[in-house]
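What follows is one structure encoded as structure tokens, with my remarks underneath.
All of the numbers you see were taken from the coordinates with simple rules; none came from a lab. Remember, it's a predicted structure, so these values are computed and weren't measured experimentally. Note that each Cβ is placed from the backbone with ideal geometry, even for glycine, and that neighbours are counted across all protein chains shown.
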Amino acid sequence: PIDLSIPEPGAKAGAKADAQSIGRGRQLLQRAQAAMGGADKLAAIRDATQVAEVEIDTGRGPMKATRTSMWLAPNVFRQQQVLPFGKITAFYDGAAGWIASPQGINPIAGPVLNQVRSEMFRVFYPLMLSDRNPDRTVHSAAPGEVEISDKQGNSVRLTIDETTGLPIRRSYRTTGQQGPVEVEEVLSEWKEVDGVQLPFRIVVNQGGKKFSEAAIREIRINTGLKQEELSKQP
């Protein structure tokens, strides 16, 4: 899911990939694909809608929100967040987009555009198929970990559960208000959706502290989302 409440992501340099680490990384990623239901089932996902109840630590107490995220392959998304102070809706078509808030509608630009592009790199369904993407490098620098990077400088590290084979953590670096910060997404409460195992609880930690927790209410895949519908402004 796209989370516009997370600061702008930046690249994180990992250990250099070699033939052996690439082989280990691909093997680990393919094990995770199998645990989730198989690479072919993941590849068959062309659109997804996720509805979640989210609690965000604002530094001044928790803030609750309802977040609906819609993704259309390869890189179109729309997200609506209902917050105590109003509704925020964002749309991105792979090149440009807009954000509508109580203050009006503005184009996505600057740091927010960089954030969205990096978030699109981490969209769960294509991320888990990165071994099929020639623009991405998949390797393993440590036991149970898969690092995925692309030619634009994006990078994310997946931790694979030794017992289940499922990815249980996504780690990456962002640029926050105080400078670089490590982000960790803890994935749990896996459930089957149309033959694919997906996480229904995501806890986001930033700099070692809890930032948000999403309890996913519903995930729908391949419902026939259309870009013209997703792009409509409120």
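Worth pointing out:
- Length-normalised contact order of the chain in % [C-alpha pairs under 8 Å, at least 6 apart]: 26 percent
- The count of lysine pairs in the chain whose Cα atoms are under 25 Å apart, excluding pairs fewer than 8 places apart on the same chain, comes to 14.
- Summary of packing: across the peptides 35-43, 103-111, the per-residue average of other C-beta atoms within 10 Å ranks them, highest first, as 35-43, 103-111.
- Here the stretch 169-234 and the stretch 30-108 have alpha carbon centers that stand 7 Å from each other.
- For the chain, with +1 on Lys and Arg beta carbons and -1 on Asp and Glu, the positive-most of Ala96, Tyr125, Val186 along the dipole: Ala96
- Summarising the amide proton neighbourhood of Trp190: residues at separation of 5 or more, or on other chains, whose placed amide H is nearer than 5 Å comprise Phe200.
- For the stretch 13-152: relative contact order, % (alpha-carbon pairs under 8 angstrom, 6 or more apart): 25 percent
- Amide H contacts under 5 Å for Arg173, placed H, 5+ residues apart: Gly10, Lys12, Val183
- Between the labelled values [x] -0.54, -1.23; [y] -0.66, -1.35; [z] -0.51, -1.06, the entry that holds log10 I(q)/I(0) by the Debye sum over Cα atoms at q = 0.11, 0.16 Å⁻¹ as derived from this structure is [x].
- Rg over Rh [alpha-carbon atoms, Kirkwood Rh] for the stretch 23-86: 1.16
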